[in-house]
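Here the structure comes first, spelled out in structure tokens, and everything after it is commentary.
The values are calculated or read from the model by the stated rules, or taken from the named source; none is laboratory data. This one's a predicted model, so the numbers in the text were calculated from it and none came from an experiment. Cβ sites come from the backbone with ideal geometry, for glycine too, and all protein chains shown count toward neighbours.
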Amino acid sequence: MNGDIHPLKEYKGNRRLPWKVNTMTSGSITLIEQTGLDQHVAPFPKPHMEGFENPDRLRITLQYLEENNALADILTLKTPRATCDEALIVHSPYLVHSVELMSELGSGQLGESAYASESLLSTTLYALGGALLAADLVLSGSTEHTFALIRPPGHHATSSATMGLCFFNNVAIAARTILQEDNVDRVTILDIDDHFGNGTAEVFYTDPKVQFISIHEYDYVSFGLGHYRETGRNKGEGTNINIPLYEGAPDSSYRAAMTKIVAPAIESFQPDMIAVSAGYDGHYTDPIGDMALDSRTYWFIAHTIRNLVESLGIKGSFWVLEGGYNPLVLGPCVRSTIEGLKGDPLPTLEDQTKHIEDEDVVKKNKRVLNRVWRTVSQFL
Ligand SMILES: [Zn+2]
């Protein structure tokens, strides 16, 4: 670890894109992966919540994808290491400096459910590098869709606070970075993680160039954010779309959210690129999330994004891993996502069991979706 810690300055703009990949991809999808470069583990024994966010998530997922020949026609790249300065485009110097200092110390609490280890800084910088590369590859036209298989997640990190297993907001930093380029005026970020992407929402709440759409399990008691009445502020009014669903939401609720709200909202916004905060903790086996999805839902979401990219003439989409804490089903979920992006048919995978949808939850979610649409449609 580098022992020199320098005071960080505010971000002043004009970031140069550092990773120009000369090799064109053989297919239209590139996977960027971080295995072996993610030693950070919060200092808690399993099964404490922090213990679920560990290197097994990436290692077992990549192993599954390789063993099932899911990467046969996909270029796979190792994630490059970003720098602390690159995080400053979104985060305060205090936050970035805190991650540096606590990693030097080797432990300690940085925020609610955000604990340091001596590998925290390097793991977060490699994760950020993966998200930035994923965005750059699509921006440069090297590939149409990219997936950054990285950790730790980032969507709970606000501009000034780490929390919820998140330190640097990878997707927010990547989105704001590509917006520096002349040929990118608008970016849509779709967050499909089980939990509300409060950090990303906060970062772009007044920004008319970023449309943030989050489908999430709404915690009516403790979290306090993510309601559909939160629509953005000032110039960003109408660009924040929250789709809060009831606990236990099944496949049909997510499909309805994608078809009835997400697709028309993106069609109206006409982004140059789509970013996806790809959390898989809505899977029915997840130890932290409480939804009732399986890999079929993630295929549908990816397929919908692919169709939007084609029909609207968008440059492409980049996907950044967020949550998803059952490493045994992350593989099938990521595989389904890739198949959906490729335009391949829905695969039958081992996690897809026949389950009966809870009628009551489906009905309640229908009412929520109607209310969300009434709120959102006035801005479209
Ligand atoms: Zn989550």
Exactly one of (1) more than 16 Å from the ligand (Cβ to nearest atom); (2) part of a helix (DSSP H, G or I) is unmet by residue 254. Its number? (1)
Might you let me know whether segment 123-131 holds any residue that is more than 26 Å from residue 186 (Cα to Cα), surrounded by 20 or more Cβ atoms within 10 Å (Cβ to Cβ) and touching an Asp or Glu at 6+ places or on another chain (Cβ under 6 Å)? yes
Residue 212 vs. criteria crowded, with 21+ Cβ neighbours inside 10 Å, within 16 Å of the ligand (Cβ to nearest atom) and within 20 Å of the chain's Cα centre (by Cα): yes
How many of the residues making up segment 157-209 are within 16 Å of the ligand (Cβ to nearest atom), polar (S, T, N, Q) and part of a loop (DSSP other than H, G, I, E, B)? 3
Answer yes or no as to whether residue 268 is away from the ligand (no atom under 16 Å from the Cβ), of a type in the set (Ser, Thr, Tyr) and in contact (Cβ under 8 Å) with a residue 24 or more places away in the chain. yes
Boolean, residue 236 is within 14 Å of the ligand (Cβ to nearest atom) and within 26 Å of residue 202 (Cβ to Cβ): no
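Suppose we filter 85, 73 for residues that are out of contact with any strand residue (DSSP E or B) (no Cβ under 9 Å at 6 or more places or on another chain) and touching a residue at least 40 places away in the same chain (Cβ under 8 Å); which single one remains?
Sole residue among the options that is out of contact with any strand residue (DSSP E or B) (no Cβ under 9 Å at 6 or more places or on another chain) and touching a residue at least 40 places away in the same chain (Cβ under 8 Å): 85.
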Got at least one residue in segment 87-98 being touching a Cys at 6+ places or on another chain (Cβ under 7 Å), modelled with pLDDT of 95 or more, within 16 Å of the ligand (Cβ to nearest atom) and not basic (Lys, Arg)? no
From 154, 141, grab the single residue that is small (Gly, Ala, Ser) and within 16 Å of the ligand (Cβ to nearest atom). 154
Residue pairs within 6 Å by beta carbon, gap of at least six or interchain, first lying in segment 282-299 and within 11 Å of the ligand (Cβ to nearest atom), second of a type outside the set (A, V, I, L, M) and assigned to a strand (DSSP E or B), listed first then second, are 290/217; 291/217
Quick check, is residue 113 within 16 Å of the ligand (Cβ to nearest atom), at pLDDT below 95 and surrounded by fewer than 23 Cβ atoms within 10 Å (Cβ to Cβ)? yes
Looking at (1) of a type outside the set (S, T, N, Q); (2) within 16 Å of the ligand (Cβ to nearest atom); (3) assigned to a loop (DSSP other than H, G, I, E, B); (4) in contact with a helix residue (DSSP H, G or I) (Cβ under 9 Å, 6 or more places away or on another chain), which is the only condition residue 330 fails? (3)
Of a type in the set (D, E, K, R), farther than 22 Å from residue 201 by Cβ and not in a strand (DSSP E or B): is that true of residue 86 in this structure? no
Identify all residues within segment 52-75 that are over 16 Å from residue 42 (Cα atoms), surrounded by 15 or more Cβ atoms within 10 Å (Cβ to Cβ) and either of a type in the set (Gly, Ala, Ser) or under 23 Å from the mean Cα position of the chain (by Cα) (or both); write none if there are none. 59, 60, 61, 62, 64, 65, 70, 71, 74, 75
Where residue 219 falls short, out of the listed (1) of a type outside the set (A, V, I, L, M, F, W, C); (2) within 16 Å of the ligand (Cβ to nearest atom); (3) touching a strand residue (DSSP E or B) at 6+ places or on another chain (Cβ under 8 Å): (3)
Taking the criterion of being touching a residue at least 12 places away in the same chain (Cβ under 8 Å), crowded, with 24+ Cβ neighbours inside 10 Å, more than 22 Å from residue 59 (Cα to Cα) and of a type in the set (A, V, I, L, M, F, W, C), would at least one residue in segment 327-339 satisfy it? no
